[in-house]
Amino acid sequence: MTAETAAPSVQIRANFPVRRMDFSFADTGKYWWSGNPFMTQFMNNLSSLFPYGEKFFVDSVRGVREEIKDPQLQKDISAFIGQEAMHSKEHATYNEYAEAYNIDLHTLELRIKVLMEWVTKITTKKMRVAATCALEHFTATMAEQLLIREDINMQMTDPRMYKLWMWHAIEENEHKSVAYDVYQAIGGGYWLRTSTMLLTTILFLGVIAWFQVDLLRKDGQLFNWKSWKYGLKTLFGPRNGYITGLIKPYLQYYKPGFHPAQQDTRTLEKTWRAKLGFTN
Ligand SMILES: [Fe+2]
Ligand SMILES: [Fe+2]
């Protein structure tokens, strides 16, 4: 009898799935966030960043993929690319919906395209992965807040928009470690990671402020103080503001030894998958 036995073939699977979605916003009203122009435009603002922003994430990770030896991480990269590509696609549909209300998200999308092309021109591959890690930390922490804060997410009064944003929020948490693991695998260090986060933050907040004023102005809502008051309270309220709650997790990124998985969101993701009726 031979001592040799066949090794069991282990099928490696990604740690999270790619879900095919196909949203339609044909019946969605203009101010779908509780009838509030400021918050609706804030979400429109974020949505305008995704088609080319998420393409940048995918391109950055793809650019260094051949350096990754770990088969599990390779599988997760594939699923990450699949999820982000689906987000880009569905937010492009969202952005088309906005056109029906003369909200021009296409111009904003193209500004992001130009910005990302410029960033790509002046940076190295490793820097772009560092920028992706920084932005993925933003998306993951913003998404986690949205999942936790029922008082905020219930303000999304349109069921289609609610499902789109909550689906996206689940997946941002599911894949939040992938870009970071890639960064570490290609030898990315602390200083590049944190200095990139600092620059990315300035750029990210600057773009959001610019787009927000632009969207409100074009919509004739720039001087709607009641709408501003509601929006600013929702975002920056000292105790319960959505963005106020992001400050602490944001600062954690600057800790040496930080890793996105230190914030365990698996139970939260599981709860929300069940809530949205996802079987995987
Ligand atoms: Fe995404
Ligand atoms: Fe992401």
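The values are calculated or read from the model by the stated rules, or taken from the named source; none is laboratory data. In this text, all values refer to a predicted model and were calculated from it rather than measured experimentally. Ideal geometry is used to build each Cβ from the backbone, glycine not excepted, and the neighbour counts take in all protein chains shown. Just the protein is used for accessible areas: all its heavy atoms, side chains included, with ligands, DNA and RNA removed. Shrake-Rupley method; radii C 1.70, N 1.55, O 1.52, S 1.80 Å.
A crude spin-label estimate for the pair THR93 and THR201, with each label 7 Å from Cα along the Cβ direction, gives 3.6 nm. The charge dipole of the chain, taken about the Cα centre with unit charges on the Cβ atoms of Lys, Arg (+1) and Asp, Glu (-1), comes to about 540 debye, rounded to the nearest 20.
GNM on the chain, alpha-carbon springs under 10 angstrom: the most fluctuating residue among SER227, SER60, SER177 is SER227.
Rounded to whole numbers, the Karplus 3J(HN,Hα) couplings from phi for the range 22-34 are 8, 7, 9, 10, 4, 9, 7, x, 5, 9, 6, 8, 6 Hz, using 6.51 cos²θ - 1.76 cosθ + 1.60 with θ = phi - 60°, and x at Gly and Pro.
In the chain, helices alone account for a calculated mean residue ellipticity at 222 nm of -22000 deg cm²/dmol, with every DSSP H run of four or more residues adding -39,500 (n - 2.57). Highest mean first, the peptides 204-215, 90-101, 117-128 sorted by other C-beta atoms within 10 Å per residue fall in the order 90-101, 204-215, 117-128. Protein-only accessible surface at a 1.4 angstrom probe places the residues ASP151, ASP22 in the order ASP22, ASP151, largest first. Ordering ARG13, ARG217, ARG193, ARG266 by accessible surface, largest first, gives ARG13, ARG266, ARG217, ARG193; the 1.4 Å probe counts only protein heavy atoms, with every chain in place.
In terms of distances greater than 25 angstrom between alpha carbons, the cross-link table entries LYS176/LYS275; LYS125/LYS163; LYS89/LYS176; LYS30/LYS89; LYS233/LYS270; LYS248/LYS275 yield LYS125/LYS163; LYS233/LYS270; LYS248/LYS275. Taking a virtual spin label 7 Å from the Cα of LEU232 along the C-beta vector, which residues in the range 24-66 bring their backbone nitrogen under 16 Å of it? What the label zone holds, given the 16 Å backbone N cut-off, is 37-39, 42. Here the accessible area is traced with a 1.4 Å probe on the protein chains. For the chain, carbon and sulfur cover 60 percent of it.
For the range 94-142 and the range 33-70, what is the centre-to-centre distance using only Cα atoms, to the nearest Å? Cα centroid to Cα centroid, the span is 6 Å. For LYS176, no residue has an amide H sitting under 5 Å from its own, ignoring neighbours fewer than 5 places away on the same chain, with H placed 1.01 Å from N. Residue-wise HN-Hα couplings along the range 248-258, as the Karplus relation 6.51 cos²θ - 1.76 cosθ + 1.60 with θ = phi - 60° gives them from phi, are 4, x, 4, 5, 4, 4, 7, 6, x, x, 5 Hz; Gly and Pro carry x.
Only helices reaching 30 angstrom along their own axis (Cα) with mean Kyte-Doolittle hydropathy no lower than -1.0 count here, and for the DSSP H runs of the chain these are 37-64, 71-99, 125-148, 190-218. Farthest toward the positive end of the dipole of the range 142-280, out of VAL213, GLY257, MET197, is the Cα of VAL213, where the dipole comes from beta carbon charges about the Cα centre.
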